[in-house]
Structures are given as structure tokens and as C-alpha cells.
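Below is one structure; the comments refer to it alone.
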Amino acid sequence: MSDLRELYQQLIIDHGRSPRNFAELPAPARQKQGFNPLCGDQLQLYVLEQDGVVQDVKFKGTGCAISMASASMMTEAVKGKSVAEAKELFDRFHDMVTNKDAVEDLGKLAVLAGVREFPSRVKCATLAWHTLNAVLHEDDGVVSTE
Ligand code: ZN
């Protein structure tokens, strides 16, 4: 188990240091800013959606290793997925990091499941996902007051 934990840590450090898809996307990509005041993480997320598919997704930002690694892995996970699949993945990821009884198998994303032991870190891990969810829901014309 300690070897596995070490591997997980390596993955998070690797993605945190060298985030994937770390760039801006020009219009018509939509963009949204995400901010986690608890930790100071902030990012700008760019999503190019066409025909109900997430064609491309990139981000720029600054923050702790968990927030950057999570954003990096999120972009890899949702790129090429349909909007419906991406929303479903958001729900499953959110469940994985907030619900101790969750038995989600999310592949590489599972390295972030450990944050549920550290409630203050959950917002770091979910920041990019909440921002993605906000971008994708704009398309539905639904305005949330939350
Ligand atoms: Zn953070």
C-alpha cells in the first residue's frame, strides 16, 4: 500500500509540475474562471464544445499541486468525451472525493481519491471540475444561483 501511495504521489507531483493542456484556447471556445479562496487556487478554463462533444479543453492558472494536478488530469479525462459523459464524470469524480463509501473506479483519476481524508483539500481537487461543470451547464441555459 505504501508503494501505491508513493506512486500516487508521484503522479500528482508530475501533473502538478508539468500540467497537461496548460494553454489558452481562442474563441469560439468558452472560458470560465474558477477560484478557491480557501487555498488561493485559481484557474481559467477553456472549453471548445462542438456537436455535443468536448473537442478540446485547456487551462491556465496557479495554485497548489493538488489543484493543478487535478485540472491537468481533468483535461485529459474529458477531452473527446460527449458533454453528457463529461457531466457524468464530474458527478462520479465529485462522489469519489467527497463520499468515503464511494466505490468508483475512475482509473488514473483515482489517485486523487486520497483527498477525501483531508476535507480542506477537497476544494483543491474539485475546483477544475466545478469550473468545467459550470461551463458545460451554460449551454443548457440554466442559471444557478448557488
Ligand atoms: Zn489548493
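The values are calculated or read from the model by the stated rules, or taken from the named source; none is laboratory data. Worth saying up front: this structure is predicted, and the values here are computed from it rather than measured. Don't worry about glycine lacking a Cβ; one is built from the backbone with ideal geometry, like all the others, and counts go over all protein chains shown. Surface areas here come from the heavy atoms of the whole protein model, side chains and all, with no ligands, DNA or RNA. Shrake-Rupley method; radii C 1.70, N 1.55, O 1.52, S 1.80 Å.
Of all positions in the range 32-41, at least one carries a residue that is more than 16 Å from the ligand (Cβ to nearest atom) and either surrounded by fewer than 16 Cβ atoms within 10 Å (Cβ to Cβ) or not in a helix (DSSP H, G or I) (or both).
Being modelled with pLDDT under 90, away from the ligand (no atom under 16 Å from the Cβ) and either part of a helix (DSSP H, G or I) or not small (Gly, Ala, Ser) (or both) is the filter here; which residues of the range 114-142 pass it? The answer is HIS137, GLU138, ASP139, ASP140, VAL142. Residue check: ARG121 meets all listed conditions (1) open to solvent by 30 Å² or more (accessible area, probe 1.4 Å); (2) more than 14 Å from PHE35 (Cα to Cα) but one, namely (2).
Residue by residue, here is whether (1) closer than 13 Å to ALA128 by Cβ; (2) open to solvent by 70 Å² or more (accessible area, probe 1.4 Å); (3) among the polar types (S, T, N, Q); (4) assigned to a strand (DSSP E or B) holds:
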| site | (1), (2), (3), (4) |
| --- | --- |
| ILE12 | no, no, no, no |
| HIS15 | yes, no, no, no |
| PRO26 | no, yes, no, no |
| LEU43 | yes, no, no, yes |
| VAL47 | yes, no, no, yes |
| VAL54 | no, no, no, yes |
| GLY61 | yes, no, no, yes |
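Checking each residue in the range 63-80 for being more than 11 Å from the ligand (Cβ to nearest atom), buried (at least 22 other Cβ atoms within 10 Å of the Cβ) and more than 16 Å from ARG92 (Cβ to Cβ) picks out SER72, THR75.
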